[in-house]
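S.K.: Mind looking over this structure? Questions follow.
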Amino acid sequence: NEPEPEWDGDPLSIEDAETRVAELRTKLEAMGPVNLVAIEEYKEHEERYTFLTQQEEDLVKAKEQLMAMIKTINQTTSEMFRQTFEEANANFQNMFTRLFSGGSAKLVLVNEEDVLDCGIEIIARPPGKRLQNISLLSGGERTLTAVALLFSIYQIKPSPFCMLDELDAPLDDTNIGRFIEILKEFLQQSQFVVITHS
């Protein structure tokens, strides 16, 4: 007694409709039973997701702040190092000339671009010799160059006391005399413990 249904397109045949119903029933059965606690589980997962997302945002912000801080520290450290290096270099040239009674020496950065990770070369020219790397000098010349460098750095920021262990061992009497003269100048601001055979 019911009127024929109105179809959006061509009406389905009974066989096609039965096939379609069978397909839909199979899909429904494949879905399994309805999860009655799905809404609560969804809420729990949503809360957990919100919490983790917030934690991730906090971590990303903290990382950005740390990277900015590291950059600032690197810039400040580079400027301070460069300034101290130039001061130590000037002191080194002066101290070397005094200890050797002439000649010249300088400190050279291996990589000017990255001062915090680069090496430093010591170039020295004792009187009567040509400019060369410190490794090519004699034992006494190397020691005197090291003393010049030590005292040039010491001039920038002297410490209350300093211990020198057989620093004069490879030096001859003339060089020991020059070493002691310069050492006496630092006695105004520091105390020295000198271990020596002389």
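The values are calculated or read from the model by the stated rules, or taken from the named source; none is laboratory data. Keep in mind the model is a prediction, meaning the values are calculated, not measured. When we count neighbours, we look across all protein chains shown, and the Cβ atoms used for this are built from the backbone with ideal geometry, even at glycine. All accessible areas refer to the heavy atoms of the entire protein, side chains included, with ligands and DNA or RNA removed. Shrake-Rupley method; radii C 1.70, N 1.55, O 1.52, S 1.80 Å.
S.K.: Using only the alpha-carbon atoms, how far is helix 139-156 inclined from the longest principal axis of the chain? Give it as 0 to 90 degrees, nearest 10.
M.R.: Helix 139-156 and the main axis of the chain meet at about 70 degrees.
S.K.: So, one more: On full extension of the chain, what length is gained from residue 86 through residue 101, given 0.36 nm per residue of separation minus the C-alpha to C-alpha distance?
M.R.: 3.2 nm
S.K.: Please report the base-10 log of the normalised intensity I(q)/I(0) for the stretch 116-193, using a Debye sum with one equal scatterer per alpha carbon and no solvent, at each q in 0.21, 0.24 (1/Å).
M.R.: Evaluating at q = 0.21, 0.24 Å⁻¹ gives log10 I(q)/I(0) of -1.06, -1.23.
S.K.: Among 69, 175, 50, flag the residue with its Cα farthest along the positive direction of the charge dipole of the chain, charges on Cβ as +1 for Lys/Arg and -1 for Asp/Glu.
M.R.: Result: 175.
S.K.: Collect residues whose amide H, placed 1.01 Å from N in the peptide plane, falls under 5 Å from the amide H of residue 164; neighbours closer than 5 in sequence don't count.
M.R.: Amide H neighbours of residue 164: 193, 194, 195.
S.K.: In addition: Once the Cα atoms of helix 173-185 and of the chain are each reduced to a long axis, what angle between those two axes, in degrees from 0 to 90 to the nearest 10, is obtained?
M.R.: 70 degrees
S.K.: Starting from 0.36 nm per residue, how many nanometres of slack lie between residue 189 and residue 10 once their C-alpha separation is accounted for?
M.R.: Working: separation 179, 0.36 × 179 = 64.44 nm, distance 10.69 nm.
Extending this stretch completely gives an extra 53.8 nm.
S.K.: Now a separate question. Could you tell me which GluC sites (Glu not before Pro) in the stretch 72-147 are loop residues by DSSP with no more than 14 other beta carbons within 10 angstrom of their beta carbon?
M.R.: In loop regions of the stretch 72-147 (DSSP not H, G, I, E or B), the sparsely surrounded GluC sites (Glu not before Pro) are 112, 113.
S.K.: With each pseudo-label sitting 7 Å past Cα toward Cβ, what's the residue 109-residue 130 distance in nm, one decimal?
M.R.: 2.9 nm
S.K.: Evaluate the chain: find the radius of gyration of its Cα atoms, find its Kirkwood radius, and give the ratio Rg to Rh.
M.R.: Value, to two decimals: 1.66.
S.K.: Only loop residues by DSSP count here, and only those with at most 13 other Cβ atoms within 10 Å; note down the chymotrypsin sites (Phe, Trp or Tyr not before Pro) in the stretch 2-64 that meet that.
M.R.: 7
S.K.: Just report the Cα centroid separation between the stretch 87-127 and the stretch 158-198, whole Å.
M.R.: A separation of 21 Å, based on Cα centres.
S.K.: Mind checking the per residue accessible area of the chain for me, 1.4 Å probe, whole number of Å²?
M.R.: 76 Å²
S.K.: Suppose every Lys and Arg Cβ carries +1 and every Asp and Glu Cβ carries -1, with no other charges. What dipole size does the stretch 84-198 come out with about its Cα centre, to the nearest 20 debye?
M.R.: 420 debye
S.K.: Only helical DSSP H runs with n ≥ 4 go in: add -39500 (n - 2.57) per run for the chain, normalise by residue count and round the 222 nm mean residue ellipticity to 500 deg cm²/dmol.
M.R.: -20500 deg cm²/dmol
S.K.: Ok, one more. Using a 1.4 Å probe on the protein chains only, how many percent of the accessible area of the chain belongs to carbon and sulfur?
M.R.: On the way: 8280 of 15080 Å².
After summing per-atom areas, the C and S share lands at 55 percent.
S.K.: Okay, moving on. Once you mark the trypsin sites (Lys or Arg not before Pro) that are in a DSSP loop and have at most 16 other Cβ atoms within 10 Å, what is the longest gap between them in the chain?
M.R.: Between exposed loop sites, the widest span is 1-128.
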